[in-house]
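The values are calculated or read from the model by the stated rules, or taken from the named source; none is laboratory data. Since the structure is predicted, the reported quantities are computational estimates derived from the model, not experimental observations. Neighbour counts run over all protein chains shown; Cβ positions are idealised from the backbone, glycine included. Surface areas here come from the heavy atoms of the whole protein model, side chains and all, with no ligands, DNA or RNA. Shrake-Rupley method; radii C 1.70, N 1.55, O 1.52, S 1.80 Å.
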Amino acid sequence: MSIFDEGFRTPAGPSRNRPHGNLVVLRMAVIAMFGILAIRLVDMQIINGAEYAQRSRENHIIQKNILPTRGLILDRNGQPLVENVGIYSAKILPEVLPESKESRYRIYLKLQEIAGVSPLETQARVDEAESAGRGYIEITVATNLSRDQALALEEASVDLPGVSLGITPGRNYTAGPEFSHILGHIGPQSQEEAEELRKEGYQLDEPVGKDGIEARYEEDLRGQIGYTAAEQDAQGRLITQIGTKDPVPGNSLELAIDLGLQQYVAQLLEDSLADTTGVWGPATQAAAVVMNPTTGEVYSLVSIPTYDNNIFSDARNRSAELEALSRDLETTPFLNKALSPAAPGSTFKLVTSAAGLMEGSITPSTSYYIGCRLEVKGENDVLYEYPDWRCHDQMMDVRNGIAWSSNVFMFLTAAGDLERVRGLGKDVETSGTILASWARRFGFGSETGIDLYGEASGRVPDPGWKRRTYVGEGFNPGENEWFLGDTYNSAIGQGDVLATPLQIARMTAAVANGGKLVTPHIVNRVVSPDGKTVKTIGTDYEDVGVSEEYLQVIREGMLGSVQYGAGVRASISAASVAGKTGTAEFYKKDGTKSQHAWFTGFAPYDDPQVVVTVYFDIGVGGDKAAPVAGKILQYFMENVNP
């Protein structure tokens, strides 16, 4: 006997004698339902099949992404530096456009009437999208529409299948042109950017940071995309709302920059470009860095000339202005001068002094008589003269050498005189190599690590670099040798030495803070939309390896510079200032000689709270840069809370 016959048989009992009426009714209901379904299928597929097929073709499930609100950027006191605005655009979804070329062209003509975009240009963009199989993705055919254009497009789009008004996140930079090099701007993705950003989930119409903080902190500022999904008919009318996901706003940035200080410094530099000596002519470029010597916070970073970074969001209407800025190769407004290199001149003497003290070519008490020049006897008893910038006619130790910015004292410290005074090394090349190594310890020749793009690394020449560089066309045989004059030039920040104002400020901070080479930073804190701290930018530094005893000697020399020496015009009433002037000779494009003007210093002397570095492309350090630095320090001490 099979278990299927007996093993699962219902036991005998009263239930076996129940009536079967309920089961019959259930069977009839199921048959009726299948009958109705069959009739409906016949109706949809045979009787009205063509109608339903047409409706299927004309109705679409449309998912539209909702771009998030970009995070704000605030100064150190919570003052907003930007505001979010909507950018109006005309958009087309190619797959919803009519099939007829004539109908499409009428739509393109209407877009020309409203938005001013050429019908041929619109057609080319649509054709390109469809050829690439991207007809399901909205494309932007015109942007930066005025409010009136946007209203007209919104009204007309009801009768323009596939056309819609798009609103994408934009920025209005409210803090002024003095912030342009810090903030940067946002803009549409380039083709190259789009290919990479698509892998990270970006939409084609999503703006991205193009420069400055906007670019450096793109990941934090961006936010997360949301979407809406709906069924629409062929005319773009809503049939059914299917789903939605709200976008997540981006994080905001709290900067170390002080709004009032930044504006003050920018205006002061602009006002100080004029030539007051009648000798060198007006400056055309300038830069200033104001930073905390201990934390690396940058309170102000100014580059002159500047520009209005709102120009990029209105490039179509301001194209002539934008082109003029781009073609200005004399002052290069888009280039951040605070991150661009120039000969640092005598500000570099702080490095030379540190190298001499640490390597033993001088001690704190080493003194030389310094006149007007240094005479060195070379090969075949030829006498070479290396002038100082003034006739000092006095005995000088390293403190006075710094205070009065003596070239001759630094020549002797770095390379000696080939006879009675020994330099940093046993010979000319070794001395040049050692000096270069100390320059690198103070951050020269490499980027500072500031949280901005576009920073130059400057240049630290040494014998190896010269052998590799001074060869080939334009150079004579033997010209790539390292000579005594090369070390002398490096010792006073001339020759092939290049440094940025930010590098000079960082070096000055290391002297002020006891030998820590801090990494400067613009951003202090990243804040979530609900006000919580996402991350804090902490202090990062390396030790330069100079003893506190010798750093104190250098600081005393810098104090002397402002109290009685070359930098006396940087003195202020609010605090004691220690500093170093710099004047670096260079040749203009027309072959005439000119000078860069520098000053770098810190205050208060006994408790350094701030470093200021000022640069002008033309001028004398003690006359032009020093008084400007003094005014910045005075403003800082009276108005800024570190």
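Which one is farthest from LEU383 (Cα to Cα), of the residues in segment 416-437 that are open to solvent by less than 10 Å² (accessible area, probe 1.4 Å) and in a helix (DSSP H, G or I)?
Here the residue is ALA436.
Give me the residue from segment 438-474 that is charged (D, E, K, R), assigned to a loop (DSSP other than H, G, I, E, B) and touching a residue at least 24 places away in the same chain (Cβ under 8 Å) and, out of that set, farthest from SER300 (Cα to Cα). Working first, answer last.
Residues of segment 438-474 that are charged (D, E, K, R), as a first pass: 440-441, 447, 451, 455, 459, 462, 466-468, 473.
Checking the rest, the ones that are also assigned to a loop (DSSP other than H, G, I, E, B) come to 447, 451, 455, 462, 473.
Next, only the ones that are touching a residue at least 24 places away in the same chain (Cβ under 8 Å) stay: 451, 455, 462.
Numbers: ASP451: 14, GLU455: 16, ASP462: 33 Å.
Checking each candidate, the answer is ASP462.
Out of everything in segment 219-229 that is of a type outside the set (Gly, Ala, Ser) and either open to solvent by less than 20 Å² (accessible area, probe 1.4 Å) or touching a Lys or Arg at 6+ places or on another chain (Cβ under 6 Å) (or both), what residue ends up being farthest from ILE450 (Cα to Cα)?
The residue in question is THR228.
For TRP438, state whether it is in contact with a helix residue (DSSP H, G or I) (Cβ under 7 Å, 6 or more places away or on another chain) and within 13 Å of ALA491 (Cβ to Cβ). Quick ask: steps written out before the conclusion?
Details: in contact with a helix residue (DSSP H, G or I) (Cβ under 7 Å, 6 or more places away or on another chain): yes; within 13 Å of ALA491 (Cβ to Cβ): yes.
The answer is yes for TRP438.
Listed residues LEU335, LEU329, LEU357, LEU374; which is at pLDDT below 95 and either in a loop (DSSP other than H, G, I, E, B) or not basic (Lys, Arg) (or both)?
Numbers: LEU335 fails: at pLDDT below 95; LEU357 fails: at pLDDT below 95; LEU374 fails: at pLDDT below 95.
Only one candidate qualifies: LEU329.
Among all residue pairs at least 6 apart or on different chains, which show Cβ distances below 8 Å where the first residue, located in segment 249-270, is in contact (Cβ under 8 Å) with a residue 12 or more places away in the chain and over 25 Å from THR331 (Cα atoms) and the second is open to solvent by less than 10 Å² (accessible area, probe 1.4 Å) and in a helix (DSSP H, G or I)?
If the second residue must be open to solvent by less than 10 Å² (accessible area, probe 1.4 Å) and in a helix (DSSP H, G or I), the pairs left are GLY250/LEU221; ASN251/LEU221; SER252/LEU221; LEU253/ILE213; LEU253/LEU221; LEU255/ILE182; LEU255/ILE213.
Considering segment 501-539 alone, what residues qualify as being open to solvent by 20 Å² or more (accessible area, probe 1.4 Å) and either of a type in the set (D, E, K, R) or in contact with a Lys or Arg (Cβ under 9 Å, 6 or more places away or on another chain) (or both)?
Answer for segment 501-539, where residues must be open to solvent by 20 Å² or more (accessible area, probe 1.4 Å) and either of a type in the set (D, E, K, R) or in contact with a Lys or Arg (Cβ under 9 Å, 6 or more places away or on another chain) (or both): LYS516, THR519, ASN524, ARG525, ASP530, LYS532, THR533, VAL534, LYS535, THR536, ILE537, THR539.
For segment 263-320, enumerate the residues that are more than 28 Å from ARG171 (Cβ to Cβ), open to solvent by 40 Å² or more (accessible area, probe 1.4 Å) and touching a Ser or Thr at 6+ places or on another chain (Cβ under 8 Å).
Selection gives TRP280, THR284, THR294.
When GLU95 is evaluated against the numbered criteria (1) within 25 Å of LEU221 (Cα to Cα); (2) over 33 Å from the mean Cα position of the chain (by Cα), which criterion, by number, is the only one it fails?
Going through (1) within 25 Å of LEU221 (Cα to Cα); (2) over 33 Å from the mean Cα position of the chain (by Cα) one by one, GLU95 breaks only (1).
Output yes when any residue across segment 397-409 is hydroxyl-bearing (Ser, Thr, Tyr) and part of a helix (DSSP H, G or I), and no when none is.
Our first condition is that a residue be hydroxyl-bearing (Ser, Thr, Tyr); within segment 397-409, this holds for 405-406.
Imposing the further condition that a residue be part of a helix (DSSP H, G or I) reduces the set to none.
Taking every residue of segment 397-409 in turn, none turns out to be hydroxyl-bearing (Ser, Thr, Tyr) and part of a helix (DSSP H, G or I).
Quick check on my filter: what residues within segment 321-335 are within 25 Å of ALA288 (Cβ to Cβ), open to solvent by 90 Å² or more (accessible area, probe 1.4 Å) and among the charged types (D, E, K, R)?
Across segment 321-335, the qualifying residue is only GLU330.
Looking only at strands (runs of 3 or more DSSP E) that fall completely inside segment 503-559, which ones have 3 or more residues that are touching a residue at least 40 places away in the same chain (Cβ under 8 Å) and more than 16 Å from THR613 (Cα to Cα)?
Here the list reads 523-527.
Scan segment 597-616 and give yes if some residue there is modelled with pLDDT of 95 or more, farther than 19 Å from GLN634 by Cα and either part of a strand (DSSP E or B) or charged (D, E, K, R) (or both), otherwise no.
Filtering segment 597-616 for residues modelled with pLDDT of 95 or more gives 597-616.
Subsequent filtering for residues that are farther than 19 Å from GLN634 by Cα retains 597, 616.
Of the ones still in play, those that are also either part of a strand (DSSP E or B) or charged (D, E, K, R) (or both) are 597, 616.
The answer is yes, given that some residue of segment 597-616 is modelled with pLDDT of 95 or more, farther than 19 Å from GLN634 by Cα and either part of a strand (DSSP E or B) or charged (D, E, K, R) (or both).
I'm told ALA274 meets every condition in (1) more than 21 Å from ARG70 (Cβ to Cβ); (2) touching a residue at least 40 places away in the same chain (Cβ under 8 Å); (3) part of a loop (DSSP other than H, G, I, E, B) except one. Can you identify the failing condition by its number?
Here ALA274 clears every test but (2).
Considering only segment 75-89, how many residues are in contact with a helix residue (DSSP H, G or I) (Cβ under 6 Å, 6 or more places away or on another chain), within 27 Å of VAL298 (Cβ to Cβ) and open to solvent by 50 Å² or more (accessible area, probe 1.4 Å)?
Matching residues across segment 75-89 total 1.
Among the numbered criteria (1) in contact with a Lys or Arg (Cβ under 6 Å, 6 or more places away or on another chain); (2) assigned to a helix (DSSP H, G or I), which one does SER303 miss?
(2)
For the list (1) more than 42 Å from the chain's Cα centre (by Cα); (2) open to solvent by 30 Å² or more (accessible area, probe 1.4 Å); (3) among the β-branched types (Val, Ile, Thr), I need the number of the one condition that ILE370 fails.
(2)
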